[in-house]
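As structure tokens, the structure follows; a few thoughts come after it.
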Amino acid sequence: MRNIRVVLLTLMLFPACSSSDVPPPSCQQAFAHYYGIGCTFVDLSTGQPVSQGQITAECQTGAGQLSKSCEDEFDTWLTCLNEVTSCGTADCSQEQMAVIRCK
């Protein structure tokens, strides 16, 4: 009987571990893609573009300070950036604001 429970538990957990669940990109991957297609972030206080290295470093620092309850929002934002196909046609600001508002 115990073996049947182990098999059933394994079968129930298998879909959560399937290869179709693609992990979210890292800060490095998301911004390499975003900047690689010609998009940039702009510093709103100066109007100057933010370098890919700077935004990636800030992302990594932010990820390290993120509360556990905000990881999904952060992953969604990085995924959005990583899926942008052309600048100006995709907008990840809602996902970014969800990260900013998350506590």
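Readers should treat all values here as calculations from the given coordinates under stated rules, not as data from a laboratory. Just so it is clear, the structure is predicted and the values come from calculations on it, not from any experiment. Neighbour counts run over all protein chains shown; Cβ positions are idealised from the backbone, glycine included.
Ala57 to Cys87: FRET efficiency via 1/(1 + (r/R0)^6), r the Cβ-Cβ distance, R0 25 Å, to the nearest 0.05?
Between Ala57 and Cys87 the formula returns 0.70.
For the range 63-103, what does the alpha-carbon gyration tensor say about shape, rounded, prolate or oblate, given a ≥ b ≥ c as the root eigenvalues, a/c under 1.5 as rounded, and a/b over b/c as prolate?
prolate
Less than 9 Å Cβ to Cβ from Glu73, Lys/Arg counted +1 and Asp/Glu -1: what total charge do the surrounding residues give?
Its environment carries a net charge of -3.
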